[in-house]
Amino acid sequence: MPPNIPEDPLSGHLGHLSPEQQHILGKFRTELEQEGVFVPERHDDATLLRFLRARKFDLVKAKVMITSCEQWRKEFGVDEVVRTSEFPEKEAVDKIYPQYYHKTDKDGRPVYMERLGKLDLKKLYAVTTPERLLKRFVLEYEKFLTDRLPACSEVVGHRVETSCTIMDLQNVGLKQFFQVKDYIAEATRIGQDRYPECMDKFYIINAPWVFSTVWMVIKPWLDEVTVNKISILGYNYKTELLAQIPAENLPSDLGGLCQCPEGCSLSDAGPWNEKNTGLIAQTDPNTTAAKSFKHDPSHPAAALPSSMGQTG
C-alpha cells in the first residue's frame, strides 16, 4: 500500500473487502458447503468474515477454526443451552459475581461488565456450579449475536459487530483471582476460539498493584490482537471511560449517571430489551465506525438478518 494512503481500519469487514478478500470469502463459503460444515442459519457472510479475520484470511486455518467450532457446539450442546435458556440463580450469582450487559457505548456497542470484587468462591458454588456458569457464559454470547447486536445495529443505522468490556478489579486480591482462574481461562478460550472477533474496547479498571502478577497469568491465554485492545487503567479511569461511554449509560458507582431502579446489573437495559425501547444508544457521529458504516449500501440496517451468525 502506498505510504500516503492510510490503511482502512475496517478492512476485512462487509463493505470493506479487497478483491482478494472477497475471493477468499467466496471460496471459504463454497468449501464449507462442499464439506458439509456450512450452516445457513448461522454462517452469514459477517460470521464467516469473523473467522477469516481471526486467522488473517488464511483459508486453511479459518476452515480448521470454524470446523472445530461446529464440533464444539455439538459436544457442548449449545443449541440445547439456548433452547432451555434458564438460569434461575441469576440474582443470587449477581450478588457474588456480577456479569452483565448494560446499555451501549458511543459507537453503539453493547457494554459488558464483569466485577470480581465481591467474589467468594465458596458462596458462589453454593448457589451454582462451574459448569452452569460456563453455560450461562455461552448463552450470553449467543444472545449477544442474535439479540443484542441486531438491536444495536438497528438503532444506530450501521452494523455493530463487537462489544465494549469493563472488568472491575476493585478490592480484588490474588486469592479471588486464583479462586476463579480456571473458569476465566476456559471462558477466555471459548470467547477467542468459538466466538472470534466479537470484542473491541476492553477496559480493566481499579487494577491493584498485585495485578502485574495476575496479568502474567492471563496474558498467555490471549492472542496478540486481543492484548492490543486492552487498556489497564488503575484507579483513575473515569475520564477515559466517559470518553467512550455516555455518562447516562454508565452506572453511577463507576462514575456515570445511571441508576437503574432494579440495579444496573439486573436491569438488562439496552436497545435489545423491550422494556427499554426508549433507551436510544448515544453514538458519536464522528467516530470511525459511524462514518465508515453509516448507511453503507453493503450495511443497510434494514437488511440485517434476525440472527447475525450465532455469537462470535
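Here are the numbers for the structure shown:
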item: Helix 19-34 axis, angle to the chain major axis (alpha carbon atoms, nearest 10°); result: 80 degrees
item: Potential lengthening between N171 and A247 on full extension [0.36 nm per residue; Cα-Cα distance subtracted]; result: 25.0 nm
item: Per-pair calculated FRET efficiency, R0 = 22 Å: Q34 and D58 via Cβ, rounded to 0.05; result: 0.75
item: The chain: angle of helix 59-76 to the longest principal axis, Cα-based, in degrees nearest 10; result: 50 degrees
item: Within straight-line cross-link reach of K135, lysines at Cα separation under 18 Å, skipping those fewer than 8 residues along the same chain; result: K74, K90, K143, K181
item: Mean residue ellipticity (222 nm) of the chain, computed from DSSP H runs ≥ 4 via -39,500 (n - 2.57), nearest 500; result: -12500 deg cm²/dmol
item: 0 to 90° range, to nearest 10: angle between helix 181-194 axis and the chain longest Cα axis; result: 20 degrees
item: Cβ-defined net charge surrounding P40, 14 Å radius [Lys, Arg +1; Asp, Glu -1]; result: -3
item: Label-zone membership for region 162-182, site R189, 7 angstrom Cα→C-beta point, backbone N under 11 Å; result: 182
item: J(HN,Hα) series, region 157-174, from Karplus relation 6.51 cos²θ - 1.76 cosθ + 1.60, nearest Hz, glycine and proline x; result: x, 8, 5, 9, 10, 9, 10, 10, 10, 10, 10, 9, 9, 3, 6, 8, x, 4
item: Pairwise FRET efficiency - D182 versus E262, Cβ, R0 = 30 Å, nearest 0.05; result: 0.45
item: Cleavage-rule hits (chymotrypsin sites (Phe, Trp or Tyr not before Pro)) in region 199-250: DSSP loop, at most 16 neighbouring Cβ within 10 angstrom; result: W209, Y235
item: Distance between modelled label sites at I232 and K123, nm, 7 Å Cα→Cβ extension; result: 2.8 nm
item: For Q170, residues with placed amide H under 5 Å, excluding near neighbours; result: L116, G117
item: Distance between region 193-220 and region 45-86 - C-alpha centres, whole angstrom; result: 22 Å
item: Karplus 3J(HN,Hα) series, Hz, for region 145-150 with 6.51 cos²θ - 1.76 cosθ + 1.60 (x for Gly, Pro); result: 7, 7, 10, 5, 5, x
item: Long-range amide H partners of G234 with built H, under 5 Å; result: N206, A207
item: Other-chain or far-sequence residues with amide H under 5 Å of Y203's (modelled H); result: T165, I166, M167, S231
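Read-outs throughout are calculated quantities, based only on the coordinates presented, and are distinct from any laboratory measurement. Keep in mind that this is a model prediction, so the values were computed, not measured. Reconstructed Cβ throughout: ideal geometry from the backbone, glycine too, with neighbour counts over all protein chains shown.
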